[in-house]
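Sharing a structure, written as C-alpha cells. Questions coming.
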Amino acid sequence: MNGSGDIDAQVTLPMELYQVIAQRAQAHGNSVSGEIVALLTPLLVQIPNELEVEFAAWEAASDEDWLTTEGMLASLGE
C-alpha cells in the first residue's frame, strides 16, 4: 500500500470491529489497513453487478410501462 495511487485515510472503528480485523490481518499476514482493503475490494466488484441487475430490472419495468401506455393510447384511438 505504498504505491503512488494510494491515499491515506483515517477511519474510526468500534473496538470490537478493530479487534476482529486485527485478528484477521494477523492470520493473513496483513497490516490492519491491508486487511481493510482486502475486505473492501470484493465489494467494488459486487456493487457493479448488483447495479447491472437493478438497471436491467428498471429497464424492463420501463419497457412494460411504455407498452401498457401505448396499448391504452391505441385503445383510445379506436
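The values are calculated or read from the model by the stated rules, or taken from the named source; none is laboratory data. Keep in mind the model is a prediction, meaning the values are calculated, not measured. When we count neighbours, we look across all protein chains shown, and the Cβ atoms used for this are built from the backbone with ideal geometry, even at glycine. These accessible areas exclude ligands, DNA and RNA; they are computed on the full protein's heavy atoms, side chains included. Shrake-Rupley method; radii C 1.70, N 1.55, O 1.52, S 1.80 Å.
Taking a virtual spin label 7 Å from the Cα of D65 along the C-beta vector, which residues in region 42-59 bring their backbone nitrogen under 20 Å of it?
51-59
Roughly to the nearest percent, how much of the accessible area of the chain is carbon and sulfur, given a 1.4 Å probe?
Within the chain, the accessible surface is 60 percent carbon and sulfur.
At 7 Å along Cα-to-Cβ for each site, give me the label-to-label distance between A57 and S33 in nm.
Here the answer is 3.8 nm between the modelled labels.
Any chance you could give the angle, 0 to 90 degrees and rounded to 10, that helix 15-28 forms with the longest Cα principal axis of the chain?
Roughly 80 degrees between the two axes.
In addition: On C-alpha positions alone, give me the angle between the axis of helix 32-77 and the longest principal axis of the chain, in degrees, nearest 10.
0 degrees
Under 13 Å from the Cβ of A22, count the other residues' Cβ atoms, weight Lys and Arg +1, Asp and Glu -1, and hand me the total.
-1
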